[in-house]
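Have a look at the structure below before the remarks.
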């Protein structure tokens, strides 16, 4: 069905002046794409996508008029002439970038432009009953399974980007671990953007379902090839049943032409653990949104990260941890390193509902400003309605400690190497939140290669 | 040739003259002690020798091994063999003691044209020195000075000295904050470093440390200059009679 300005639903409160505005980004490309999306014959999915599209059209791409987007401009996307990445015709990518190949040992599933690439994926030797597959494949073969889970946690209403993703979703990773199953090795979700001549929008939808007592580590890596612009808008829905444990470790090293928006929504059952770490060092603009609802008693959420912003880059982190039950725990430890001309945004929230007694929540965002002209906007928030809680937050921003620098120099370490050493140590204190030693070392190596670019080789 | 030769050194902090014409010469193999009351310029002297920013040298010269020391940056001085044991060692969160020692040692070695020490040799090298100072592997795995007691901090300073093997070591109030047992351990560590090629400059307020590290020469620093020099007996006299007469003379 062709889309025109006239068919666009108009919210009643919108001023007349804005009626002349063009349709929101990508919405006019939906009609031409919809029929080719995986699962296009499924009525329920057609409804889901259609409702999402309507919701997105009504809200439009977030603008800086919204409190949550006040510091995060998306205006540049309008100038890109974005086309939806074709899920039916993936580009020829026949090797993995070395850093992704070496990041972690274990099974891997590769997505190129959001499209599953079986040739590069390695998924052998998994325990019986474990489902690791692509969304596109499952929409063809087991649509009922997908119908039961997709869109349940990441709802379009009030989340324009989740709505945009839902309107175009067709592929992504689906993981389901049966009760009690533990994966010994991490699963590596490899994302490669390979735009050709024209700018593309990549909108993967990932589902992770861990049944009672299941446990795994999901490592996510993101990169791109070439210098054409692209827009990644990923949505991940994670459902953790009682006593399930998911460690979710992500490395975002997109190209400087990329806009990387990712939201993760987690539902946490009784005594379940969600333990996340995100390294954001790539992209022109990156935004990691993590929403955790702790609905099961003694649920535990750990959301940590390191963000590194060089000149011209912006790195955002948005968290919202909802304590919706008694005796739950959350920890957030973020560290940002920002260079001249770089920008960071941290919006972290802990919400403790009235009945969520004995909540233990802590949030920390510490930022190192490497040079004049580095910028951080931090908005830590505690919203507490229960009366028996232990909650705190902290936010700091500053330069390297002059006394520490002198101490290192007084031991013969040249000033540039000393600055590098202290910066590495600063970021390392958040990298140390990664429980697995091998992964910790891999991620520390990624931080070091960023430091190599900024400071030169270590002493 | 003197290892260190300070002549007529005048220096100011925030426009206020702290050192007012200081002369001092240390030959290789000698242990010198500088004693003085608070505010006499002891810490200013140690910081200027180590190359800390924020001090303005008004006149005078400092020659180390015959060369102009003040022309070198702090890290160049350290690599040339000058070591300052800090009065207040600095916490380095995220930097383990082992990594810190290894980096400092390898920087010194490569600057001398030597190869970096391999990991196993380094471990042996450090452990042997650490053991003498009562420092175990656990402490070496901790972040430098973070959560260390006063005694641990000072012992770790001495370990750094033992690892870096400087030609001139300056100990700035190394006795402050130490109980008698820690003081003995630290003193033994310092005494083990005495040798014919090495100079030691011990800066202290109290004579107590000098019972354990016996100096060849003692100087009284008062109002920014050396007010008197003598042998080890001068330290005992100061302990007994205080600094008053030097302050009067200097004023």
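The values are calculated or read from the model by the stated rules, or taken from the named source; none is laboratory data. Since we're looking at a predicted model, the values are computed, not measured. Positions of Cβ are backbone-derived with ideal geometry, glycine not excepted, and every protein chain shown enters the neighbour counts.
Things worth noting here:
This table checks each residue for (1) at pLDDT below 95; (2) under 23 Å from residue A:160 (Cα atoms); (3) in contact with a helix residue (DSSP H, G or I) (Cβ under 7 Å, 6 or more places away or on another chain).
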residue: A:21; (1), (2), (3): yes, yes, no
residue: A:43; (1), (2), (3): no, yes, no
residue: A:46; (1), (2), (3): no, yes, no
residue: A:53; (1), (2), (3): no, yes, yes
residue: A:95; (1), (2), (3): yes, no, no
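- A count restricted to segment A:23-49 and to residues that are in contact (Cβ under 8 Å) with a residue 60 or more places away in the chain, part of a helix (DSSP H, G or I) and within 23 Å of residue A:134 (Cα to Cα) stands at 6.
- All positions within segment A:288-336 that are buried (at least 20 other Cβ atoms within 10 Å of the Cβ), touching a helix residue (DSSP H, G or I) at 6+ places or on another chain (Cβ under 9 Å) and farther than 22 Å from residue A:424 by Cα: A:289
- Scanning segment A:414-423 for residues being buried (at least 17 other Cβ atoms within 10 Å of the Cβ), in contact (Cβ under 8 Å) with a residue 24 or more places away in the chain and not in a loop (DSSP other than H, G, I, E, B) gives a total of 6.
- Applying the criterion of being within 14 Å of chain A (Cβ to nearest Cβ) and part of a loop (DSSP other than H, G, I, E, B) to the residues of segment B:33-65, the residue that is nearest to residue B:217 (Cα to Cα) is B:51.
- Screening residue B:242 against (1) on the phi > 0 side of the Ramachandran plot; (2) surrounded by 14 or more Cβ atoms within 10 Å (Cβ to Cβ) leaves a single unmet condition, (2).
- Residues that are free of Cβ contacts under 8 Å to residues at least 12 places away in the same chain, part of a loop (DSSP other than H, G, I, E, B) and over 15 Å from residue A:52 (Cβ atoms) are absent from segment A:189-205.
- Any hit, segment B:100-120, residues being within 13 Å of another protein chain (Cβ to nearest Cβ), part of a strand (DSSP E or B) and at pLDDT 95 or above: no
- Scanning segment A:445-459 for residues that are within 11 Å of chain B (Cβ to nearest Cβ) and surrounded by 17 or more Cβ atoms within 10 Å (Cβ to Cβ) yields a single hit, A:459.
- Residue within segment A:424-442 that is within 14 Å of chain B (Cβ to nearest Cβ), under 25 Å from residue B:163 (Cα atoms) and either in contact with a helix residue (DSSP H, G or I) (Cβ under 6 Å, 6 or more places away or on another chain) or in a strand (DSSP E or B) (or both) present: yes
- Selection of segment A:391-407 for residues being touching a helix residue (DSSP H, G or I) at 6+ places or on another chain (Cβ under 6 Å) and either part of a strand (DSSP E or B) or more than 8 Å from chain B (Cβ to nearest Cβ) (or both) yields A:400, A:405.
- Within segment A:50-67, the set of residues being crowded, with 16+ Cβ neighbours inside 10 Å and assigned to a helix (DSSP H, G or I) comprises A:51, A:52, A:53, A:54, A:55, A:56, A:57, A:58, A:59.
- Residue selected from segment B:121-141 under the condition outside any helix (DSSP H, G or I) and surrounded by 14 or more Cβ atoms within 10 Å (Cβ to Cβ), by the criterion farthest from the other protein chains (Cβ to nearest Cβ): B:134
- Residue satisfying all of: in segment B:142-154; over 18 Å from the mean Cα position of the chain (by Cα) and in a loop (DSSP other than H, G, I, E, B); surrounded by the most Cβ atoms within 10 Å (Cβ to Cβ) among these: B:148
- Test for residue A:418: is it more than 28 Å from the chain's Cα centre (by Cα), more than 10 Å from chain B (Cβ to nearest Cβ) and more than 30 Å from residue A:183 (Cα to Cα): no
- Boolean, residue A:411 is within 14 Å of another protein chain (Cβ to nearest Cβ) and in contact (Cβ under 8 Å) with a residue 60 or more places away in the chain: no
- Filter result for residue B:170 (outside any loop (DSSP other than H, G, I, E, B), within 12 Å of another protein chain (Cβ to nearest Cβ), touching a residue at least 40 places away in the same chain (Cβ under 8 Å) and buried (at least 22 other Cβ atoms within 10 Å of the Cβ)): yes
- Considering residues of segment A:337-375 that are over 23 Å from the mean Cα position of the chain (by Cα) and in a strand (DSSP E or B) only, the residue nearest to residue A:294 (Cα to Cα): A:352
- Which listed residue is surrounded by fewer than 22 Cβ atoms within 10 Å (Cβ to Cβ) and in contact with a helix residue (DSSP H, G or I) (Cβ under 9 Å, 6 or more places away or on another chain), from A:77, A:82: A:82
- Candidate set: segment A:25-36, residues that are out of contact with any strand residue (DSSP E or B) (no Cβ under 9 Å at 6 or more places or on another chain) and buried (at least 18 other Cβ atoms within 10 Å of the Cβ); chosen: the one nearest to residue A:113 (Cα to Cα): A:34
- Residue in segment A:238-246 that is surrounded by 24 or more Cβ atoms within 10 Å (Cβ to Cβ), within 18 Å of the chain's Cα centre (by Cα) and either in contact (Cβ under 8 Å) with a residue 60 or more places away in the chain or not in a strand (DSSP E or B) (or both) present: yes
- Residue within segment B:66-78 that is more than 9 Å from chain A (Cβ to nearest Cβ), without any contact (Cβ under 8 Å) to a residue 40 or more places away in the chain, part of a loop (DSSP other than H, G, I, E, B) and farther than 26 Å from residue B:183 by Cα present: yes
- Residue count for segment B:82-116 under the criterion of being surrounded by fewer than 23 Cβ atoms within 10 Å (Cβ to Cβ), touching a strand residue (DSSP E or B) at 6+ places or on another chain (Cβ under 6 Å) and under 26 Å from residue B:6 (Cβ atoms): the result is 1.
- Each residue in segment B:203-218 was checked for being out of contact with any helix residue (DSSP H, G or I) (no Cβ under 8 Å at 6 or more places or on another chain) and either surrounded by 17 or more Cβ atoms within 10 Å (Cβ to Cβ) or assigned to a helix (DSSP H, G or I) (or both), and 2 of them qualify.
- Given (1) surrounded by 17 or more Cβ atoms within 10 Å (Cβ to Cβ); (2) assigned to a strand (DSSP E or B); (3) within 14 Å of chain B (Cβ to nearest Cβ), number of the condition residue A:378 does not satisfy: (3)
- Residue B:157 closer than 29 Å to residue B:108 by Cα and either without any contact (Cβ under 8 Å) to a residue 24 or more places away in the chain or surrounded by fewer than 19 Cβ atoms within 10 Å (Cβ to Cβ) (or both): no
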